[in-house]
There are 6 protein chains.
Amino acid sequence: MERQASRPRIPTGIEGLDSLIAGGLQQDKVYLVSGEAGTGKTIFCLQYILAGMSRGENAVYVSIDEKPGHLLEDAASLGWNLQKYIDDKKIALLDVTPYFTNIRVGKEKVVDVREIVADLSKQVRRIKAVRLVIDPIAPLIFGQEAATQVQEYIRSLIFSIEDNLRCTTLITSGIPSGTFRLSQHEIEEFVVSGIIVLGVNKLERGRVRSIYIRKMRGTPTDLNDHIFEILPQRGIVIRETGLYG
Amino acid sequence: MERQASRPRIPTGIEGLDSLIAGGLQQDKVYLVSGEAGTGKTIFCLQYILAGMSRGENAVYVSIDEKPGHLLEDAASLGWNLQKYIDDKKIALLDVTPYFTNIRVGKEKVVDVREIVADLSKQVRRIKAVRLVIDPIAPLIFGQEAATQVQEYIRSLIFSIEDNLRCTTLITSGIPSGTFRLSQHEIEEFVVSGIIVLGVNKLERGRVRSIYIRKMRGTPTDLNDHIFEILPQRGIVIRETGLYG
Amino acid sequence: MERQASRPRIPTGIEGLDSLIAGGLQQDKVYLVSGEAGTGKTIFCLQYILAGMSRGENAVYVSIDEKPGHLLEDAASLGWNLQKYIDDKKIALLDVTPYFTNIRVGKEKVVDVREIVADLSKQVRRIKAVRLVIDPIAPLIFGQEAATQVQEYIRSLIFSIEDNLRCTTLITSGIPSGTFRLSQHEIEEFVVSGIIVLGVNKLERGRVRSIYIRKMRGTPTDLNDHIFEILPQRGIVIRETGLYG
Amino acid sequence: MERQASRPRIPTGIEGLDSLIAGGLQQDKVYLVSGEAGTGKTIFCLQYILAGMSRGENAVYVSIDEKPGHLLEDAASLGWNLQKYIDDKKIALLDVTPYFTNIRVGKEKVVDVREIVADLSKQVRRIKAVRLVIDPIAPLIFGQEAATQVQEYIRSLIFSIEDNLRCTTLITSGIPSGTFRLSQHEIEEFVVSGIIVLGVNKLERGRVRSIYIRKMRGTPTDLNDHIFEILPQRGIVIRETGLYG
Amino acid sequence: MERQASRPRIPTGIEGLDSLIAGGLQQDKVYLVSGEAGTGKTIFCLQYILAGMSRGENAVYVSIDEKPGHLLEDAASLGWNLQKYIDDKKIALLDVTPYFTNIRVGKEKVVDVREIVADLSKQVRRIKAVRLVIDPIAPLIFGQEAATQVQEYIRSLIFSIEDNLRCTTLITSGIPSGTFRLSQHEIEEFVVSGIIVLGVNKLERGRVRSIYIRKMRGTPTDLNDHIFEILPQRGIVIRETGLYG
Amino acid sequence: MERQASRPRIPTGIEGLDSLIAGGLQQDKVYLVSGEAGTGKTIFCLQYILAGMSRGENAVYVSIDEKPGHLLEDAASLGWNLQKYIDDKKIALLDVTPYFTNIRVGKEKVVDVREIVADLSKQVRRIKAVRLVIDPIAPLIFGQEAATQVQEYIRSLIFSIEDNLRCTTLITSGIPSGTFRLSQHEIEEFVVSGIIVLGVNKLERGRVRSIYIRKMRGTPTDLNDHIFEILPQRGIVIRETGLYG
């Protein structure tokens, strides 16, 4: 299949995935990694920013559900030494939890998302990052009442990230267990340039981990489920195509 | 089947589809293209406006979830050079995102839809367009509280587009993943002149792309699912009828 | 089966249907035609009013989701010339869309249904109509907050139509896709004298159009599904009984 | 099975049913007849009050979804002449629709249920009725906001009917199509002395009408489905036990 | 299985059940009996308090959905003479319906649950009851807006009953038909010491009555369904283990 | 599989579980134990704190749905003598119910979670606990209106527990019956370091108890269901892997 690929492609570093998406993600676009709790979203993102290291592509990792310290441990459990890259200022782990620890019962929260995007911008410029992870995106969306307001807000947020940060970005979304949704507010699905869905499926032989490409603009894709494993050092490794038995 | 086809038909340019709908869409009517994220709605619309080029039918493409620049890339990835037509003023890509980027937490949005329809009207007249795409329609619907108000609003919006713009129009609607709905507010389904549904179905052999004609007023139609592929240069190509295996 | 049929029966003109409902609908009562988008509700209603022509029974058709002009085209596509009857003042197509095109964001709508019923009454008397179609009924129901208020409102509306208009009336209701409901507010189901449900069902052999009689007061009925086709000139024609394979 | 049946039993007159419920309903208690639209609730109630005629038990029928005139026609279509009993003041058909025809958009409805129960009481005493039908019960329940308020209101309403009216009473409830509920507010199910559910089931051989006894306090019951038909003169007649094929 | 059973066990009197729960319920704790309408909850509770009679354990029965008079009849239909025990002041039937019969449309209800618990306490002390039934519990829970407030309220209510009344208590909960829930507010499930679920299941051979032990703190239990019958004199009698065919 | 396990692992003491999670939970992190009513959550937690006793690891148990006295009985029923450890100040059972027993109808509840965390902190320091159980977590989450506020509140609460208490913590969550959710507010799932789900599954052979590891950060895990039993003295014992038959 011939195609005009004018925009460079950024490899994810996930073994078996880049060949399914014409070499990688499109530079400077925003992608959604979606999955229920425990499906591997954070490992996917860690692998993604580590893939940048060998290519000289620095990264910012915004961690909201995990303390940066814990993230380092998670990486270490797979044999990845993130600390070294942090010391070399190639990776910056951002802890935005201070924004979230001042909760009193009933106190209303007023945060301007442009404030957060501005901070992000500073960090990105500081280490000249070209890869960005926001894990997860949902906490940056709050304070809206009407459903349609939330939709416009999210569209605006994702566009701001695209316009101002100039990074190839992964945002993660937790699928509430027991539903078949891909995201919390739905609109993220339609605005991002691609969606990768991680899952844990119950087959006859037991539970297996699965990944599939839900959407990938401007890229011929494979719609099938692929079974993967999480291995030390290598992280997520795609093994098989198809979810049988 | 004989029929009185007094209103001209406008071919969609989708291989295998026009023969299923008596040659094409009815001139100046509004049609809904519906599907979950990643099912090909945008490619469908691009193909539609490109089909107008060889017939001298100019088009306006209102893109809300994708920046016009990205749309050009998506087209380019399939080998379509939209830029040329834009330069020749045969296609106008409208970016309405400025309406949506001024979001502050809690700020209320007040937009008069007649303002947007008036802008659209200007653009349509400027390049004498007869084909129009609004992708997606949902962001133009906001600010209504009661469900019945939303319904009347949408009916009114679609009628305004029919009355004022004199274009054969496609509006797209994203089906929230994991539901079986066709549109966000439901009412669109009943007001438009036809509905085409794109999907990705999981069969035994793997996932396939499907299209079916949900509704087509004044036209004898085929109710079946048809499997299609997305190929370079040709875009959406219908391959098979029926969803088996 | 003997029965006392004191109230005259009004044939629907749908081939294969009248024999299933003791010859037709009961004079001056209100019936609900229900179905998802694209199932044939409007064609059913057009066929109904055309059936009145050969019997000298004039009709008023209130079209809300379709402009009267489009309705004429839909009829024409099946070979039916409605314009002739309109010119002869045997059919009146009412366009109530003017009530619905003054929508501003946030403007509250206040319409008194008695105003609409009064207008309808004028039209009915003007051409001495005895058949009436309101397609669909939902837009005439708005502005109510509490669910119970809506129920009383609808009951009241349907009773007003029965008392004041003296027509055998069809009201249509769009079933939201992906649900198993019959109507939008549910109460219509219990107040009308009968319910006919149109559908599109997916069988092994493909999709087929189906019709079944959900309810028919004072009439022995057949509860089965019947497969039908839409043919030129003849419109809806019932072919088979039962939904097999 | 021996039992102490101190409270007299009131036969329903439904062939095949009374033998399943120890001879009939318990005197002066309230029973719920539940079913989707078109399942035969009204016919059940008509048969019930006619069964009283041969026993010298007068009845009041409160019809809310059907005009009394229509009810007479429904009865006539099965060969039942209600008018005669009305003339002899053995049956009173109450039309409560006047309460419901003063609906303006937005006007708030304030009705005191004790007013309605008081009216009912007058009618019951006037013809010395001992059988009562309220078809359906839902319209008498309105104006409550909180769900728990509705529950107490319904409990109170049913108790008032029991205490003040001294009739063996049937109340009907329409099951919204596509749900598996038995009643609109749920609480009715727990307060009434028994529940009979009518349905239309789709078996391999086609659709059949079914009836089953959901609950029957103080009475040994049969939990199975029974298939029935609606025949002229005889009305509902139970044919088979079990829903097979 | 050896165990330290320091707290005495109170037999339910349900044949076949006490052997499944180590001899009975734990003294002074609160248990939930859950089931849809018509599944036998009230009979279960009547049997429970009658079981106390032969052991000299007096009981208070709080009946909310049934008038005490009706309860006596239900008992009588199975051959149980409750009146005798009431006369001997061994059973007290409490009618709390006066709290619920002052409903006007829109009138707000303010009842302090401590008032009801205080009344209960008086009755319990008056006849020195050690068994208590509240059938059902839901009406004592009202007036709360936020879901979390309701949860704390229920927790508080159940703890108050435990602390102040010193009775081994059954509370019943009606499962809304067509759902798979165990209780109305969910929280009851987690606070009570045990849950017994009654049901009516549709097997191939017809419908059967089932009972299973959902939860039983401090007691080794059997998780299976058991089929039971309701027989005169003996009431609920467990027949089989397992739900087959 | 090699891995860098810098953070010590804390055995749960559940036979057959620790080998599935690389020896135990990660020190000082927060884990979610999730399950419907009656699935064994409390026994799991009791076993967890008892496992600490032989290792000299003291524990605080915050019990909200059960009075501490009842908890002691539950433990005793399995042969565990908690009282001894309480007397030796190795285990502290906290009763937070006083916070919840002052409920009046309509009274608004204002509690500052930092107050509760501060109390907890005192207790933890008092006996130098390093294991903590909060059973369940939901009651500590209240008073928030908007869903997004609740999410930030929970994130904040769990982070506070991690930062201030320095205990390896289990929080429990009751899954509402009949749903497939893992937690009440969903957000807990994404913030905790791991999730263990307990269940009762209906197989052909009857009901069995199951456990599976939903998520376990920084730890290679087994995704399968494991069948377990509850035995005296030993508590939860994993028997089989897989849920077959």
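The values are calculated or read from the model by the stated rules, or taken from the named source; none is laboratory data. Because the structure is a prediction, the values reported are computed rather than measured. Every residue, glycine as well, gets a Cβ built from its backbone with ideal geometry; the counts of neighbours run over all protein chains shown. Note: areas computed on protein heavy atoms with side chains; ligands, DNA, RNA excluded. Shrake-Rupley method; radii C 1.70, N 1.55, O 1.52, S 1.80 Å.
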Between F:S19 and F:R125, what is 0.36 nm times their sequence separation minus the Cα-Cα distance? Round to one decimal in nm. 35.1 nm
Please pull out the direction-averaged projected area of the range D:1-94, using the convex hull of its alpha-carbon atoms, in nm² to one decimal place. 7.0 nm²
Work out the mean other chain Cβ neighbour count within 10 Å for the residues of B:212-221 and drop it here as an integer. 5
Got a sec to turn the phi values of the range A:211-228 into Karplus ³J(HN,Hα) couplings, 6.51 cos²θ - 1.76 cosθ + 1.60 with θ = phi - 60°, whole Hz, x for Gly and Pro? 9, 8, 9, 6, 7, 7, 4, x, 8, x, 10, 9, 8, 6, 7, 10, 8, 9
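Give the carbon-plus-sulfur fraction of the accessible surface of the range C:6-86 in %, rounded to a whole number; probe 1.4 Å, heavy atoms of protein chains only.
The nonpolar share, carbon plus sulfur, comes to 51 percent.
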To the nearest 100 Å², how much accessible surface do chains D and E cover up together, summed over both, with a 1.4 Å probe? 3600 Å²
Once amide hydrogens are built 1.01 Å from N within the peptide plane, the residues lying 5 or more places from B:E240 or on another chain with amide H under 5 Å from its amide H are B:I227
If each K or R counts +1 and each D or E counts -1, the residues other than F:M53 whose Cβ falls under 10 Å of its Cβ total +2
Taking E:G56 in one copy and the same position in all the others, each labelled 7 Å out along Cα→Cβ, what are the pairwise distances from the first, in nm, shortest first? 5.5, 5.5, 9.5, 9.5, 10.9
Shortest first and in nm, the label-point separations between C:K84 and its counterparts in the other identical copies (7 Å out along Cα→Cβ) come to 5.1, 5.1, 8.8, 8.9, 10.2
Quick one: Karplus J couplings for the range D:26-43, per residue in order, coefficients 6.51, -1.76, 1.60, θ = phi - 60°, nearest Hz, x for Gly and Pro? 7, 4, 6, 9, 10, 10, 9, 10, 10, x, 5, 4, x, 8, x, 4, 5, 4
Nearest-0.05 FRET efficiency for A:R114 and B:R55 at R0 = 51 Å, using Cβ-Cβ distance, is 0.65
Go ahead and run the numbers for FRET between B:D222 and D:R234, Cβ-Cβ distance against an R0 of 56 Å, rounding to 0.05. 0.75
Label 7 Å beyond Cα on the Cβ vector: E:R9 copy-to-copy distances, nm: 3.9, 4.0, 6.8, 6.8, 7.9
Counting sequence-distant residues (5 or more places) and residues on other chains, those with an amide H built under 5 Å from that of E:V200 are E:S210
Using a 10 Å cut-off on Cβ to Cβ distances, tally the other chain neighbours for every residue of C:126-138 and report the average as a whole number. 1
Accessible area (Å², 1.4 Å probe, nearest 10) - D:S210: 10 Å²
Given H placed on each backbone N at 1.01 Å, which residues far from D:M216 in sequence or on other chains put an amide H within less than 5 Å of it? D:I195
